[in-house]
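Okay, so here's the structure we're looking at.
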Amino acid sequence: MAEQQSWTADEVHRLQAAAEGVKVTGAVEFRGKRYRLGAYGAENVMPQLAFAQAADAGLGAGDSAGLAAMYEMIRGCFIQSPACGTCEACDEERFDDCPKFDAGDWPRFRRVATAVCAGGDEILKVVQDAMEQITARPTKPAPGSSPPPPPGSGNSKEPSSLPAAFRALPDGDLINLDRLARSSD
Ligand SMILES: [Zn+2]
C-alpha cells in the first residue's frame, strides 16, 4: 500500500459506508427503477431540525408535522442542485423556477410512488436507503493514514440506517417507523 496515498472525501465516504455495511450507490431503488440521490441531503439541515423537533414533541403515528418534515427530508435527498436563493423566482418562493434548482429524480419518484399507491413500508424503505447512504459521513483521516476503522462493536445494536436527527434523540423518543408505516396504509 502506498504510504503517500491520500484519500479523497468520496473514497473515505465509500470506505466508511462499506465498513458500516451500507452500500453507497448514489441512487435508491423503487419498484425496480433507480432514482439518483443528490449530494445535499446531509447538508439540508432544516428538514432534519423540523423532524427532530416533531419527534421531540412526541411524534405520534398520525403526526402531520413529523410526516411533513419527513417528506421534506426525503425530497432533499434527491436534489441535484439547490436553488440560488437570490434570483427573482427565489424571491417569490417559486423555487422550482430558479435557474439553479434541479430537483433531480424527485418529481419522477413522487409521481410513480403516487401512481402505484405505494404504502408506508415501501416509502420508508426508500427513506431509509437514502438516509443510510447520506449519513455515512466522510471522516478526515490523517495524511497517509489508513482508512477509518470500522465502528466499535458497542453500537452494533444501533441501526445505522437512521439519520443524524434520529440518532441524537434519547432512546425513548425514537419514532417507531414500523408503527408509522402501518398507520399510513
Ligand atoms: Zn434562484
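Just so it is clear, none of the values below were taken in a lab; they were calculated from the coordinates. Here the structure is a predicted model, which is why all the values come from computation and not from measurement. Quick reminder, even Gly has a Cβ in these numbers, built from the backbone with ideal geometry, and neighbours come from all protein chains shown.
Of the peptides 100-106, 114-120, the ranking by mean beta-carbon count within 10 Å, highest at the top, reads 100-106, 114-120.
Using 0.36 nm times the number of residues separating E20 and E92, minus their current alpha carbon distance, what extension gain do you get?
Net length gain for the segment: 21.7 nm.
Peptides 64-73, 25-34, ordered by how many other C-beta atoms sit within 10 Å of their residues on average, highest first, read 64-73, 25-34. Placing dummy labels 7 Å off each Cα toward the beta-carbon, the span from D102 to R34 is 1.6 nm.
Count Lys and Arg as plus one, Asp and Glu as minus one, and take only other residues whose Cβ is under 15 Å from that of D105; the net charge is then +4.
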